[in-house]
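Beneath this line is the structure, given in structure tokens, with notes to follow.
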Amino acid sequence: MIHLDCTLRDGGYQNGWNFSAQFVNDFLNLTNMLKLDVVELGIKSNIKNDNFGPLSHCNDCDIELLPNSRAPYSVLVNISEFIDQDIKYFKKLFPVSSEKSRYKIVRMAGTSDTIQRCEPHVEYLKTQGYTVCLNVMRVSTIDGLQLSALGEAIKNVKYDVLYLADSFGNLTPKTTLEKIKALTSVGTKTIGVHMHDNLGLALQNTVTATKCGASWFDTTFMGMGRGAGNAATEKLFLSQRNTAHLHAQVEFIIKHIQPIFNDSPWGPSLDFYYAGLWNIHPNYVSKMRDYKLNIADILAVLLSMQDTGNAKFDLKILEAAMEALS
């Protein structure tokens with residue numbers, strides 16, 4: 001089993017990746033103590049937003065400044081950024097081999113369609129010595145036949161792990177099992193899962209997945225992550241009856257994560273639950289919270305959007321839906 005903690009990456013959606021040096025140092029000390037298998041640093045991107053911290057784009061020069069970690073580092077790259085660009089764009093994102101890089105694992109996140117166009121990029125990363133994960137986003141919108149077809153379509157691509165990313169947090173243990181079976185039925189050998197918590201099932205789904213064929217899984221401390229958040233690292237350990245260093249985990253959460261939560265709360269809630277059920281992108285809820293809409297108004301907007309295919313966030317669509325209800 002490979003346990004990957006992505007607090008610094010997925011958690012960054014809650015604070016704009018503006019992590020203090022003390023946060024990062026304490027986090028890495030804790031992950032070393034817990035002997036986690038992989039630590040994800042952030043998003044690898046050529047696109048820089050001045051309002052976001054350095055782990056939102058993971059320049060190699062910034063990564064070089066980070067402390068050493070017992071666990072190998074990973075980074076995530078969004079396929080949408082490079083898939084329509086010349087391959088040279090992608091090579092600029094990853095200019096050196098894994099031997100010369102601080103991170104050893106690259107996770108490429110995209111839709112089923114874009115993942116099937118990534119063979120040249122996977123090939124390049126493998127020649128550079130990286131472990132490559134393909135993360136299928138919005139997997140709750142893909143049925144078993146489509147997922148099996150994807151597994152078949154990329155069977156000859158030299159990736160290492162195929163991840164199921166429950167972007168909308170609406171999988172259940174039953175549907176989690178069904179999706180893993182759809183992949184194993186076509187010979188997919190190494191499967192990972194990344195669960196979100198809209199229905200409050202992220203941890204249960206993660207545990208279920210590891211019992212029925214998944215060998216990689218993601219968590220974050222206190223479930224810190226986009227939208228409703230993720231399966232919680234500390235709860236995963238407790239579910240395994242592992243209480244080693246529990247006090248250190250709680251201290252880290254109280255010191256570093258609780259203040260972020262107090263300012264920008266995540267976790268199961270009625271609005272994220274509703275969005276998850278209808279495959280509505282969590283950023284619609286987050287943006288309405290930013291606008292200080294009350295829960296009744298948020299639910300009214302979501303109700304108006306539920307049948308119009310809003311799996312991708314578009315601010316203009318949100319503003320139009322809000323205007324129509326005003």
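The values are calculated or read from the model by the stated rules, or taken from the named source; none is laboratory data. None of the values given here were measured: they were computed from a predicted structure. Neighbour counts are summed over all protein chains in view; Cβ atoms, including those assigned to glycine, are modelled from backbone coordinates with ideal geometry. Accessible surface is based on the protein model in full, side chains and every heavy atom, while ligands, DNA and RNA are left aside. Shrake-Rupley method; radii C 1.70, N 1.55, O 1.52, S 1.80 Å.
Just a few scattered comments:
- Within a straight-line Cα-Cα reach of under 26 Å, K189 can be paired with the following lysines, leaving aside sequence neighbours fewer than 8 residues apart in one chain: K35, K104, K126, K155, K158, K174, K179, K181, K211.
- 19 Å Cα-Cα reach of K316 towards lysines, excluding residues that sit fewer than 8 places from it in its own chain: K287, K292
- Per-peptide average of other Cβ atoms within 10 Å, ordering 278-291, 38-51 highest first: 278-291, 38-51
- GNM flexibility winner over the chain from Q146, Q240, Q116 (Cα, springs under 10 Å): Q240
- Each label point was placed 7 Å from the Cα along the Cα-to-Cβ direction; for N156 and N32 their separation is 4.6 nm.
- Amide H contacts of I2 (H built 1.01 Å from N, under 5 Å, at least 5 apart or other chain): W216, F217
- Rounded percent of accessible protein surface that carbon and sulfur make up, the chain, 1.4 Å probe: 52
- Solvent exposure of the range 130-204 as accessible area per residue, Å², 1.4 Å probe: 37
- Stretch gain in nm, segment S20-E323, where the contour uses 0.36 nm per residue and the Cα spacing is subtracted: 105.3 nm
- Based on Cα contacts under 8 Å between residues 6+ apart, the range 17-168 shows a relative contact order of 19 percent.
- The modelled label-to-label distance between E119 and K48, using points 7 Å beyond Cα along the C-beta direction, is 3.6 nm.
- Looking at the chain, the DSSP beta bridges with both ends there are about 5 percent antiparallel.
- One entry in (1) 23.7, 72; (2) 19.6, 61; (3) 19.0, 56 is Rg and Dmax of the Cα atoms in Å calculated from the shown coordinates; its label is (3).
- For V77, distant residues with modelled amide H under 5 Å away: K44, R107, M108, A109
- Remark on S69: its backbone amide H falls under 5 Å from none of the residues 5 or more positions apart or on other chains, H modelled at 1.01 Å from N.
- Contact order for the range 1-105, expressed relative to its length and based on alpha carbon pairs under 8 Å spaced 6+ residues apart, stands at 28 percent.
- Residues of type lysines that K48 reaches as a straight line, Cα spacing below 19 Å, ignoring anything fewer than 8 places off in the same chain: K88, K91, K92
- Residue by residue, the range 146-161 carries 3J(HN,Hα) couplings of 5, 5, 4, 5, 5, x, 5, 5, 10, 4, 8, 7, 8, 6, 9, 9 Hz when phi is fed to the Karplus relation 6.51 cos²θ - 1.76 cosθ + 1.60 (θ = phi - 60°); x denotes Gly or Pro.
- Residue-wise HN-Hα couplings along the range 33-43, as the Karplus relation 6.51 cos²θ - 1.76 cosθ + 1.60 with θ = phi - 60° gives them from phi, are 4, 7, 6, 5, 7, 9, 10, 8, 7, x, 9 Hz; Gly and Pro carry x.
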